[in-house]
Amino acid sequence: MQISVRQTAENENFDVAVLRYKCRKIMKVNDIVDFVAGDYGNAETVGVVGGVTVFVPFLCVGERAKVKINHVKGNVAYGDVVTVVERSPKREEPRCPYYGVCGGCSLMHMKYAEQLSFKQRKVQRNLTKIGKLDGVAVGRCVPSPHVFAYRNKLSLPVSGTVGNVKIGMYKRGTHEVVDMNNCLLGGLWSKKLVELFRDYLNQNEIAPYDEKTFGGEVRHIVARYIDGQLLAVVVSNGEFAHDLTEFYDTLSKNFDKVGLFVNINSGKNNVILGKITRHIAGLRYIESTHLGTTFRLRPDSFFQVNNEVKNAIYTQVRQMIDVADTEVLVDCFSGVGVLTNVLCSDAYDTYAVEIVPSAVKDADEMAALNHSPRLTNILGDANEVLPRLTAQNAGKRMTLVVDPPRKGLGEGICNSICKANFNNVAYISCDSATLARDLSMLTSRFEVLSATPYDMFPNTDQVETVVLLARRA
Ligand SMILES: C[S@@+](CC[C@H](N)C(=O)[O-])C[C@H]1O[C@@H](n2cnc3c(N)ncnc32)[C@H](O)[C@@H]1O
């Protein structure tokens, strides 16, 4: 124990370290403490109680609350609100009856302006603390036109017992399903789909999946609804033994355009979709046109969940490419090519780089659909393809767009980007922590022109960020 006091004292005043150590011994699980929310953290508020840093969700900054401690680790503790003693004017009554229990939303108790402020502060804090980018001022978070019913995709776990199936979201911090009539983020289409699917499973006595025994039949219902077209995927624990045409007929009576699929997933893990997806009936893909680009989405294609915010982001990136006087555009992590086809032009060559073969096949189809002759889709690892592309295009004004998964770019790709001759880079990120880590490497060669958070996921603590960079002179 003495060792930990000495270790802490290396970084801070010895008396403070001793006080923190004593307090840590005093604070215990189940204690009720007086808490003042001093600041926001990544998904909750942070305050200091008797020298211990305490994290508490579902408060607004400045609020006082009685908090029950549920976990203590070192000088850090976690708690839940028992009562709010002093309410912030930035608080509002959450609309969803499952709020606080369901693990999906964490900011619905805040007025929307406060949610946007939370997200701007989150990105700023990560850029400063993780990326050490003290000079970068993060812009205001761009609001979503719709704060509810904005999601075009939902993946809902199925649980319960035969004849009494539960479909919903996982309870906060657990894998226990909260049976929900409706998720307000999905809107009416998802409410209808869940009602019909629950009835179908109960009436046919189909067993829901049991995560503890790995038994049961149905694990998830995954669905996407765009421009009046629904694709629904029943995720089955092994081959599905029941006739799904009855369910398809029911869906067809309730939705104008629908496609039904079954996905086989018998993995003993938390991955939602297995490798095999079979078409049952109806639409094979969603086809639509956004920002002048026609796309076809299959059930497992990546597509941003909030159509309007997606369009705002893609428009900002498009403007950057025009202003940069681009001669060659490289879109890395291009997926099935939705963003690539929005960005490509007859005025410059475009190369899209993607590592998944089926996505590149779909991307070729999309390029043909949109008559994009100067677009080349390349199957490969960005790490290896980038140096080759930049060598081939030496002397031209090159612009790079990256839209990586949550884990970000990592050291290898950041090094490739720094060595390559890109004049401008647009980085679209869904995780500001990995973004900050990557920017700390990229800023050795590039300066940050702007960092703009976008509210792709209202009512949750998630935020999308677009950072525009220019090569240093
Ligand atoms: C967030 S999605 C991008 C979606 C795309 N921009 C669109 O509009 O459809 C990230 C993509 O990066 C791809 N990916 C992951 N690692 C990669 C790598 N090392 N090289 C190339 N692509 C990669 C994934 O397969 C996935 O399709």
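Under the 0.36 nm per residue contour assumption, what length would be gained going from the current alpha-carbon distance of residue 369 and residue 327 to full extension?
12.8 nm
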Average projected area of the Cα convex hull of the stretch 271-376, in nm²?
7.4 nm²
Cα centroid separation, the stretch 289-320 to the stretch 57-134 (Å):
30 Å
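Which of the GluC sites (Glu not before Pro) found in the stretch 113-207 are loop residues per DSSP with 14 or fewer other Cβ atoms within 10 Å of their Cβ?
Working: sites: 114, 176, 195, 205; in loops: 176, 205.
Answer by residue number: 205.
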If I model a spin label as a point 7 Å beyond the Cα along the Cα-Cβ vector, how far apart are those points for residue 95 and residue 284 in nm?
3.8 nm
Local electrostatic count, residue 60, Cβ distance below 12 Å [Lys/Arg +1, Asp/Glu -1]:
-1
For 355, 221, write out the residues from largest to smallest accessible area, computed with a 1.4 angstrom probe and no ligands counted.
355, 221
Packing-ranked peptide list from 420-433, 143-156, highest mean Cβ count within 10 angstrom first, is 420-433, 143-156
Is any residue of the stretch 119-133 close enough, with backbone N under 20 Å, to a label point placed 7 angstrom from the Cα of residue 440 along the Cα-Cβ axis, and if so, which?
121-133
Formal net charge of residues neighbouring residue 35 (Cβ-Cβ distance under 9 Å; K, R +1; D, E -1)
0
Theoretical FRET efficiency, 1/(1+(r/R0)^6), r = Cβ-Cβ of residue 294 and residue 358, R0 25 Å, to 0.05:
0.85
Please report, to two decimal places, log10 I(q)/I(0) for the stretch 153-290 at q = 0.16 Å⁻¹ as given by the Debye formula with identical point scatterers on the Cα atoms and no solvent.
-0.78
Please state the Cα pair-distance histogram of the chain with 20 angstrom bins from zero: what percent is in each bin?
21, 49, 28, 2
Contour excess over end-to-end distance, with Cα ends at residue 421 and residue 406 and 0.36 nm allotted per residue
2.9 nm
Using a basic spin-label model with each label point 7 Å from the Cα along Cα→Cβ, how many nm lie between residue 53 and residue 188?
4.7 nm
Ordering 119, 191, 111 by the accessible surface of their heavy atoms, 1.4 Å probe, largest first, yields 111, 191, 119
Find how many whole Å separate the alpha carbon centroid of the stretch 322-353 from the alpha carbon centroid of the stretch 241-255.
40 Å
Potential lengthening between residue 379 and residue 315 on full extension [0.36 nm per residue; Cα-Cα distance subtracted]
20.5 nm
Low-density loop positions, trypsin sites (Lys or Arg not before Pro), the stretch 208-275 - DSSP coil, at most 11 other Cβ in 10 Å
212, 268, 275
Lysines within cross-link reach of residue 191: Cα-Cα under 24 Å, excluding same-chain residues under 8 positions apart?
153, 166, 171, 253, 257, 310
Hey, rough spin-label estimate for residue 203 and residue 113, points 7 angstrom out along Cα→Cβ, what's it come to in nanometres?
4.9 nm
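Can you give me the Kirkwood hydrodynamic radius for the stretch 32-154, using every pair of distinct Cα atoms, in Å to one decimal? It would help to have the intermediate numbers written out before the result.
Details: mean 1/r = 0.0637 Å⁻¹.
Result for the stretch 32-154, one decimal place: 15.7 Å.
The values are calculated or read from the model by the stated rules, or taken from the named source; none is laboratory data. Everything numeric here is computed off the predicted structure, so don't read it as measured data. Heads up, the Cβs are rebuilt from the backbone with ideal geometry, glycines too, and the neighbour counts pull from every protein chain shown. Surface accessibility is based on the protein's heavy atoms, side chains included, excluding ligands, DNA and RNA. Shrake-Rupley method; radii C 1.70, N 1.55, O 1.52, S 1.80 Å.
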